[in-house]
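What follows is a set of notes on a single structure, which appears directly below.
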Amino acid sequence: MDTVMDINITKVENSKLNDLNLENIPFGKYFSDHMLEADYENGEWRNVEIKPYQPLIIQPSLAALHYGQSIFEGIKAYKDADGVAYVFRPYDNFVRFNISAERLCMPTIPEEIFMDGLKQLVEIDKNWIPFRENHSLYIRPLMFATDTLLGVRPSDTYKFMIMLSPSGPYYTTPMKIYVEEKYSRSVKGGVGFSKNAGNYANSMIAAKEAKEKGYDQVLWTDAVEHKWLQEVGMMNVMFVIDGVGVTPELSEGTILNGVTRNSIITMMREMGIEVQERRLSIDEVVEAYKKGTLQEVFGCGTAATIAPIAELGYGDFKMPFDISTFKTATELRKQFDDIRYSRIPDTHSWMVKI
Ligand code: COI
(Lines give C-alpha, C1' and ligand atoms only; values in the text may rest on other atoms or scores of the structure.)
Protein backbone atom coordinates (compact mmCIF):
# COMPACT_ATOMS: atom_id res chain seq x y z
CA MET A 1 0.00 0.00 0.00
CA ASP A 2 1.31 3.49 -0.88
CA THR A 3 1.13 5.59 2.25
CA VAL A 4 1.50 9.34 2.05
CA MET A 5 -0.24 10.86 5.04
CA ASP A 6 1.20 10.93 8.47
CA ILE A 7 -1.66 9.86 10.71
CA ASN A 8 -1.51 9.58 14.46
CA ILE A 9 -2.42 5.95 15.26
CA THR A 10 -3.48 4.44 18.58
CA LYS A 11 -4.33 0.75 18.43
CA VAL A 12 -6.61 -1.28 20.68
CA GLU A 13 -5.00 -3.57 23.21
CA ASN A 14 -7.41 -6.43 22.58
CA SER A 15 -9.37 -6.91 19.38
CA LYS A 16 -13.14 -7.36 19.68
CA LEU A 17 -12.91 -9.66 16.69
CA ASN A 18 -12.31 -12.66 18.92
CA ASP A 19 -15.89 -12.31 20.21
CA LEU A 20 -17.50 -12.15 16.75
CA ASN A 21 -18.18 -14.79 14.13
CA LEU A 22 -17.95 -13.09 10.73
CA GLU A 23 -20.41 -15.52 9.13
CA ASN A 24 -24.04 -14.58 8.53
CA ILE A 25 -23.72 -11.15 10.04
CA PRO A 26 -26.42 -8.54 9.48
CA PHE A 27 -25.74 -5.31 7.59
CA GLY A 28 -24.28 -2.42 9.61
CA LYS A 29 -24.69 -3.77 13.14
CA TYR A 30 -21.10 -4.42 14.23
CA PHE A 31 -18.12 -2.09 14.08
CA SER A 32 -14.43 -2.88 13.79
CA ASP A 33 -11.75 -2.06 16.37
CA HIS A 34 -10.72 1.33 14.98
CA MET A 35 -12.12 4.52 13.48
CA LEU A 36 -10.65 7.59 11.82
CA GLU A 37 -11.36 11.09 13.05
CA ALA A 38 -10.32 14.57 11.80
CA ASP A 39 -11.46 18.06 12.78
CA TYR A 40 -12.04 21.15 10.68
CA GLU A 41 -11.21 24.33 12.61
CA ASN A 42 -10.04 27.80 11.58
CA GLY A 43 -10.35 26.94 7.90
CA GLU A 44 -8.21 23.78 7.93
CA TRP A 45 -8.35 20.06 8.62
CA ARG A 46 -6.27 18.91 11.58
CA ASN A 47 -5.95 16.19 14.27
CA VAL A 48 -6.15 13.33 11.78
CA GLU A 49 -6.04 10.19 13.86
CA ILE A 50 -6.94 6.53 13.88
CA LYS A 51 -8.00 5.33 17.30
CA PRO A 52 -10.12 2.68 19.01
CA TYR A 53 -13.80 2.81 17.97
CA GLN A 54 -15.48 4.70 20.79
CA PRO A 55 -18.42 7.00 21.65
CA LEU A 56 -18.28 10.70 20.83
CA ILE A 57 -18.89 13.33 23.44
CA ILE A 58 -21.15 15.99 21.97
CA GLN A 59 -23.13 19.01 23.12
CA PRO A 60 -26.94 19.07 22.80
CA SER A 61 -26.47 22.24 20.74
CA LEU A 62 -24.39 20.45 18.07
CA ALA A 63 -25.37 22.12 14.79
CA ALA A 64 -25.65 18.86 12.79
CA LEU A 65 -28.38 17.62 15.12
CA HIS A 66 -30.51 20.70 14.53
CA TYR A 67 -30.01 21.77 10.94
CA GLY A 68 -28.79 18.61 9.24
CA GLN A 69 -25.37 19.52 7.87
CA SER A 70 -24.39 15.86 7.73
CA ILE A 71 -23.18 13.83 4.74
CA PHE A 72 -21.89 10.30 4.29
CA GLU A 73 -20.73 7.64 1.84
CA GLY A 74 -20.88 3.87 1.52
CA ILE A 75 -17.94 1.85 0.16
CA LYS A 76 -17.00 -1.83 0.43
CA ALA A 77 -13.75 -3.72 1.06
CA TYR A 78 -13.26 -7.35 0.03
CA LYS A 79 -10.66 -10.05 0.46
CA ASP A 80 -9.50 -12.42 -2.28
CA ALA A 81 -8.77 -16.13 -1.79
CA ASP A 82 -5.16 -15.27 -0.81
CA GLY A 83 -6.35 -12.90 1.91
CA VAL A 84 -5.35 -9.73 0.01
CA ALA A 85 -7.66 -6.79 0.78
CA TYR A 86 -9.18 -4.50 -1.87
CA VAL A 87 -11.57 -1.55 -1.77
CA PHE A 88 -14.08 -1.05 -4.62
CA ARG A 89 -13.80 2.36 -6.38
CA PRO A 90 -13.18 4.51 -3.26
CA TYR A 91 -11.96 7.46 -5.32
CA ASP A 92 -15.42 7.80 -6.92
CA ASN A 93 -16.98 8.00 -3.47
CA PHE A 94 -14.37 10.58 -2.45
CA VAL A 95 -15.37 12.76 -5.41
CA ARG A 96 -19.10 12.37 -4.63
CA PHE A 97 -18.49 13.11 -0.94
CA ASN A 98 -17.04 16.50 -1.83
CA ILE A 99 -19.92 17.21 -4.23
CA SER A 100 -22.31 16.57 -1.31
CA ALA A 101 -20.14 18.77 0.94
CA GLU A 102 -20.30 21.71 -1.45
CA ARG A 103 -24.08 21.46 -1.79
CA LEU A 104 -24.51 21.49 1.99
CA CYS A 105 -22.11 24.46 2.48
CA MET A 106 -19.56 22.22 4.17
CA PRO A 107 -15.79 22.25 3.59
CA THR A 108 -14.40 19.68 1.16
CA ILE A 109 -12.07 17.02 2.50
CA PRO A 110 -8.57 16.74 1.00
CA GLU A 111 -7.89 13.60 -1.02
CA GLU A 112 -5.02 12.49 1.22
CA ILE A 113 -7.18 12.50 4.35
CA PHE A 114 -10.06 10.62 2.71
CA MET A 115 -8.05 8.17 0.61
CA ASP A 116 -4.94 7.60 2.75
CA GLY A 117 -7.03 7.63 5.91
CA LEU A 118 -9.40 5.05 4.45
CA LYS A 119 -6.55 2.83 3.22
CA GLN A 120 -4.68 2.97 6.51
CA LEU A 121 -7.81 2.26 8.52
CA VAL A 122 -8.73 -0.73 6.34
CA GLU A 123 -5.12 -1.98 6.53
CA ILE A 124 -5.24 -1.89 10.34
CA ASP A 125 -8.61 -3.65 10.52
CA LYS A 126 -8.28 -5.91 7.48
CA ASN A 127 -8.91 -9.01 9.58
CA TRP A 128 -12.45 -7.67 9.89
CA ILE A 129 -13.14 -8.21 6.19
CA PRO A 130 -15.41 -11.27 6.05
CA PHE A 131 -14.35 -13.84 3.47
CA ARG A 132 -17.73 -15.15 2.48
CA GLU A 133 -20.00 -14.73 -0.55
CA ASN A 134 -22.19 -11.58 -0.31
CA HIS A 135 -20.18 -10.33 2.67
CA SER A 136 -17.79 -7.39 2.86
CA LEU A 137 -16.39 -4.75 5.15
CA TYR A 138 -18.74 -1.78 4.70
CA ILE A 139 -16.84 1.52 4.96
CA ARG A 140 -18.82 4.52 6.18
CA PRO A 141 -17.16 7.96 5.79
CA LEU A 142 -19.17 10.71 7.51
CA MET A 143 -18.90 14.49 7.98
CA PHE A 144 -21.05 16.65 10.25
CA ALA A 145 -21.23 20.19 11.60
CA THR A 146 -19.87 20.61 15.12
CA ASP A 147 -20.52 24.26 15.99
CA THR A 148 -22.54 24.58 19.18
CA LEU A 149 -24.91 27.38 18.30
CA LEU A 150 -28.61 27.61 17.51
CA GLY A 151 -28.27 30.26 14.82
CA VAL A 152 -29.00 29.00 11.31
CA ARG A 153 -25.83 29.39 9.24
CA PRO A 154 -23.10 27.10 7.91
CA SER A 155 -21.04 25.77 10.81
CA ASP A 156 -17.43 26.92 11.17
CA THR A 157 -16.29 23.56 12.53
CA TYR A 158 -16.81 19.95 11.34
CA LYS A 159 -15.81 16.42 12.14
CA PHE A 160 -14.84 13.87 9.49
CA MET A 161 -14.92 10.21 10.44
CA ILE A 162 -14.58 6.80 8.87
CA MET A 163 -15.97 3.69 10.53
CA LEU A 164 -15.96 0.09 9.36
CA SER A 165 -18.76 -2.44 9.66
CA PRO A 166 -18.33 -6.10 8.66
CA SER A 167 -21.60 -6.86 6.93
CA GLY A 168 -23.70 -9.48 5.24
CA PRO A 169 -26.19 -8.68 2.46
CA TYR A 170 -28.55 -5.72 2.92
CA TYR A 171 -31.49 -7.52 1.30
CA THR A 172 -31.66 -11.25 1.72
CA THR A 173 -34.79 -11.81 -0.38
CA PRO A 174 -35.91 -10.31 -3.73
CA MET A 175 -37.59 -6.96 -3.20
CA LYS A 176 -41.17 -5.82 -3.67
CA ILE A 177 -41.23 -2.14 -4.58
CA TYR A 178 -44.10 0.35 -4.47
CA VAL A 179 -44.21 3.29 -6.92
CA GLU A 180 -44.48 6.35 -4.66
CA GLU A 181 -46.95 9.06 -5.69
CA LYS A 182 -47.75 10.77 -2.40
CA TYR A 183 -44.35 11.83 -1.03
CA SER A 184 -41.39 13.28 -2.95
CA ARG A 185 -37.70 12.64 -2.51
CA SER A 186 -36.23 15.47 -4.53
CA VAL A 187 -36.80 18.35 -6.90
CA LYS A 188 -34.69 20.19 -9.46
CA GLY A 189 -32.48 22.60 -7.51
CA GLY A 190 -32.80 20.49 -4.36
CA VAL A 191 -30.43 18.04 -2.70
CA GLY A 192 -31.40 14.78 -4.42
CA PHE A 193 -27.93 14.24 -5.94
CA SER A 194 -26.14 14.62 -2.61
CA LYS A 195 -25.72 11.93 0.01
CA ASN A 196 -26.95 13.87 2.99
CA ALA A 197 -28.64 12.54 6.10
CA GLY A 198 -31.86 14.49 5.47
CA ASN A 199 -32.62 12.62 2.24
CA TYR A 200 -32.79 9.42 4.24
CA ALA A 201 -34.88 10.93 7.04
CA ASN A 202 -37.31 12.22 4.39
CA SER A 203 -37.61 8.77 2.82
CA MET A 204 -38.58 6.90 5.97
CA ILE A 205 -42.29 7.70 6.04
CA ALA A 206 -42.71 6.55 2.44
CA ALA A 207 -40.85 3.30 3.15
CA LYS A 208 -42.92 2.80 6.33
CA GLU A 209 -46.22 3.23 4.48
CA ALA A 210 -45.01 0.98 1.64
CA LYS A 211 -44.17 -1.70 4.23
CA GLU A 212 -47.70 -1.43 5.62
CA LYS A 213 -48.92 -2.25 2.09
CA GLY A 214 -46.64 -5.32 1.94
CA TYR A 215 -43.71 -3.79 0.05
CA ASP A 216 -40.03 -3.45 1.03
CA GLN A 217 -39.26 -0.02 -0.40
CA VAL A 218 -40.50 2.68 -2.74
CA LEU A 219 -39.59 3.74 -6.26
CA TRP A 220 -39.57 7.53 -6.19
CA THR A 221 -41.30 9.58 -8.88
CA ASP A 222 -40.74 13.28 -9.66
CA ALA A 223 -42.29 15.82 -7.31
CA VAL A 224 -44.33 17.68 -9.95
CA GLU A 225 -46.20 15.05 -11.97
CA HIS A 226 -45.40 11.90 -9.94
CA LYS A 227 -44.76 10.21 -13.23
CA TRP A 228 -41.03 10.33 -14.02
CA LEU A 229 -39.04 7.64 -12.24
CA GLN A 230 -36.08 8.64 -10.07
CA GLU A 231 -34.53 5.97 -7.82
CA VAL A 232 -35.49 3.26 -5.35
CA GLY A 233 -35.10 4.06 -1.66
CA MET A 234 -31.36 3.59 -1.06
CA MET A 235 -30.34 2.59 -4.59
CA ASN A 236 -30.57 3.41 -8.29
CA VAL A 237 -32.82 1.42 -10.60
CA MET A 238 -32.30 -0.29 -13.97
CA PHE A 239 -34.99 -1.62 -16.33
CA VAL A 240 -34.46 -3.94 -19.28
CA ILE A 241 -37.13 -3.17 -21.87
CA ASP A 242 -37.06 -5.11 -25.12
CA GLY A 243 -33.37 -5.93 -24.67
CA VAL A 244 -32.36 -2.32 -23.91
CA GLY A 245 -31.20 -1.14 -20.48
CA VAL A 246 -33.04 2.02 -19.38
CA THR A 247 -32.21 3.99 -16.25
CA PRO A 248 -33.22 7.49 -15.10
CA GLU A 249 -30.78 10.20 -16.20
CA LEU A 250 -28.60 12.22 -13.82
CA SER A 251 -28.93 15.59 -15.50
CA GLU A 252 -31.86 16.92 -13.42
CA GLY A 253 -29.77 16.57 -10.22
CA THR A 254 -32.59 14.69 -8.52
CA ILE A 255 -30.94 11.28 -8.13
CA LEU A 256 -27.72 9.97 -6.68
CA ASN A 257 -24.86 9.42 -9.14
CA GLY A 258 -24.37 5.84 -7.97
CA VAL A 259 -20.97 4.17 -8.23
CA THR A 260 -22.68 0.78 -8.67
CA ARG A 261 -25.01 2.39 -11.25
CA ASN A 262 -22.00 3.60 -13.21
CA SER A 263 -20.29 0.19 -12.91
CA ILE A 264 -23.25 -1.77 -14.22
CA ILE A 265 -23.84 0.65 -17.12
CA THR A 266 -20.20 0.10 -18.10
CA MET A 267 -20.51 -3.67 -17.76
CA MET A 268 -23.79 -3.85 -19.68
CA ARG A 269 -22.32 -1.87 -22.58
CA GLU A 270 -19.32 -4.22 -22.59
CA MET A 271 -21.77 -7.14 -22.71
CA GLY A 272 -23.16 -5.61 -25.92
CA ILE A 273 -26.35 -4.31 -24.29
CA GLU A 274 -27.50 -0.82 -25.26
CA VAL A 275 -28.07 1.34 -22.17
CA GLN A 276 -30.11 4.54 -22.28
CA GLU A 277 -29.85 7.12 -19.49
CA ARG A 278 -33.00 9.13 -20.01
CA ARG A 279 -36.35 10.23 -18.63
CA LEU A 280 -38.50 7.16 -18.02
CA SER A 281 -42.13 7.38 -17.01
CA ILE A 282 -44.16 4.90 -14.99
CA ASP A 283 -46.63 4.86 -17.93
CA GLU A 284 -43.90 3.54 -20.24
CA VAL A 285 -43.02 0.86 -17.67
CA VAL A 286 -46.67 -0.22 -17.28
CA GLU A 287 -47.15 -0.29 -21.04
CA ALA A 288 -44.01 -2.40 -21.52
CA TYR A 289 -45.19 -4.73 -18.76
CA LYS A 290 -48.59 -5.16 -20.42
CA LYS A 291 -46.96 -5.78 -23.82
CA GLY A 292 -44.57 -8.32 -22.28
CA THR A 293 -41.45 -6.31 -23.20
CA LEU A 294 -40.46 -5.36 -19.64
CA GLN A 295 -37.92 -8.11 -19.07
CA GLU A 296 -36.06 -7.13 -15.91
CA VAL A 297 -36.06 -4.59 -13.09
CA PHE A 298 -33.29 -4.39 -10.55
CA GLY A 299 -31.85 -2.01 -8.01
CA CYS A 300 -28.15 -1.19 -7.79
CA GLY A 301 -26.27 0.35 -4.89
CA THR A 302 -23.23 -0.19 -2.68
CA ALA A 303 -25.13 -1.73 0.22
CA ALA A 304 -27.64 -3.66 -1.90
CA THR A 305 -25.25 -4.43 -4.81
CA ILE A 306 -27.50 -5.73 -7.64
CA ALA A 307 -30.93 -6.50 -6.24
CA PRO A 308 -33.62 -8.08 -8.44
CA ILE A 309 -37.11 -6.67 -8.00
CA ALA A 310 -39.75 -9.40 -7.74
CA GLU A 311 -42.76 -7.09 -7.84
CA LEU A 312 -43.56 -3.49 -8.73
CA GLY A 313 -46.79 -2.06 -7.33
CA TYR A 314 -48.36 1.05 -8.90
CA GLY A 315 -51.54 1.98 -7.05
CA ASP A 316 -53.61 -1.20 -7.15
CA PHE A 317 -51.81 -2.49 -10.23
CA LYS A 318 -49.29 -5.21 -9.41
CA MET A 319 -46.46 -6.21 -11.73
CA PRO A 320 -44.96 -9.49 -10.51
CA PHE A 321 -41.78 -10.80 -12.20
CA ASP A 322 -40.23 -14.23 -12.41
CA ILE A 323 -36.74 -13.16 -11.36
CA SER A 324 -35.31 -16.55 -12.41
CA THR A 325 -35.66 -15.23 -15.99
CA PHE A 326 -33.52 -12.12 -15.26
CA LYS A 327 -30.52 -12.94 -17.48
CA THR A 328 -28.85 -9.52 -17.37
CA ALA A 329 -29.09 -9.04 -13.62
CA THR A 330 -27.79 -12.57 -13.02
CA GLU A 331 -24.85 -12.16 -15.39
CA LEU A 332 -24.03 -8.71 -13.99
CA ARG A 333 -24.16 -10.01 -10.45
CA LYS A 334 -21.82 -12.87 -11.32
CA GLN A 335 -19.31 -10.63 -13.11
CA PHE A 336 -19.52 -8.04 -10.37
CA ASP A 337 -18.85 -10.62 -7.65
CA ASP A 338 -16.02 -12.14 -9.69
CA ILE A 339 -14.36 -8.72 -9.97
CA ARG A 340 -14.87 -7.88 -6.29
CA TYR A 341 -13.55 -11.21 -5.04
CA SER A 342 -10.67 -10.99 -7.59
CA ARG A 343 -11.72 -14.15 -9.47
CA ILE A 344 -11.45 -12.45 -12.89
CA PRO A 345 -9.12 -9.66 -14.06
CA ASP A 346 -10.14 -6.16 -12.95
CA THR A 347 -9.91 -4.59 -16.41
CA HIS A 348 -11.29 -1.21 -15.22
CA SER A 349 -8.89 -0.82 -12.26
CA TRP A 350 -11.86 -0.54 -9.94
CA MET A 351 -10.23 -2.47 -7.10
CA VAL A 352 -7.77 -0.52 -4.96
CA LYS A 353 -5.30 -2.85 -3.28
CA ILE A 354 -4.63 -2.25 0.40
C1 COI B 1 -25.17 2.51 0.31
O2 COI B 1 -25.60 1.80 -0.61
O3 COI B 1 -23.98 2.52 0.63
C4 COI B 1 -26.06 3.37 1.04
O5 COI B 1 -25.63 4.40 1.42
C6 COI B 1 -27.41 2.92 1.32
C7 COI B 1 -27.77 2.92 2.74
C8 COI B 1 -27.37 1.82 3.60
C9 COI B 1 -28.06 4.22 3.36
Flag for LEU17 being of a type outside the set (Gly, Ala, Ser), under 27 Å from the mean Cα position of the chain (by Cα) and farther than 29 Å from ASN127 by Cα: no
Selection from region 104-130 of residues that are in contact with a strand residue (DSSP E or B) (Cβ under 8 Å, 6 or more places away or on another chain) and surrounded by fewer than 17 Cβ atoms within 10 Å (Cβ to Cβ): GLU123
Strands (runs of 3 or more DSSP E) within region 259-354 that include 3 or more residues open to solvent by less than 20 Å² (accessible area, probe 1.4 Å): 294-301, 305-314
Conditions (1) part of a loop (DSSP other than H, G, I, E, B); (2) charged (D, E, K, R); (3) open to solvent by less than 10 Å² (accessible area, probe 1.4 Å): number failed by GLU252: (3)
Test set (1) open to solvent by 30 Å² or more (accessible area, probe 1.4 Å); (2) closer than 30 Å to ASN14 by Cα; (3) under 16 Å from the mean Cα position of the chain (by Cα) - ASP92 fails condition number: (2)
Single condition LYS29 does not satisfy, out of (1) within 16 Å of the ligand (Cβ to nearest atom); (2) buried (at least 17 other Cβ atoms within 10 Å of the Cβ); (3) not hydrophobic (A, V, I, L, M, F, W, C): (2)
Within region 43-89, strands (runs of 3 or more DSSP E) holding 1 or more residues that are surrounded by 13 or more Cβ atoms within 10 Å (Cβ to Cβ) and within 16 Å of the ligand (Cβ to nearest atom): 70-72, 75-79, 85-88
Residue identified as closer than 18 Å to THR328 by Cβ and either touching a residue at least 12 places away in the same chain (Cβ under 8 Å) or surrounded by fewer than 22 Cβ atoms within 10 Å (Cβ to Cβ) (or both) among PHE193, PHE239: PHE239
Hits in region 218-236 (condition: at positive phi and open to solvent by less than 50 Å² (accessible area, probe 1.4 Å)): HIS226
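The values are calculated or read from the model by the stated rules, or taken from the named source; none is laboratory data. On a predicted model such as this, the values are computed, not experimentally measured, just so you know. Heads up, the Cβs are rebuilt from the backbone with ideal geometry, glycines too, and the neighbour counts pull from every protein chain shown. Please note that ligands, DNA and RNA were not included when accessible areas were found on the heavy atoms of the full protein model with its side chains. Shrake-Rupley method; radii C 1.70, N 1.55, O 1.52, S 1.80 Å.
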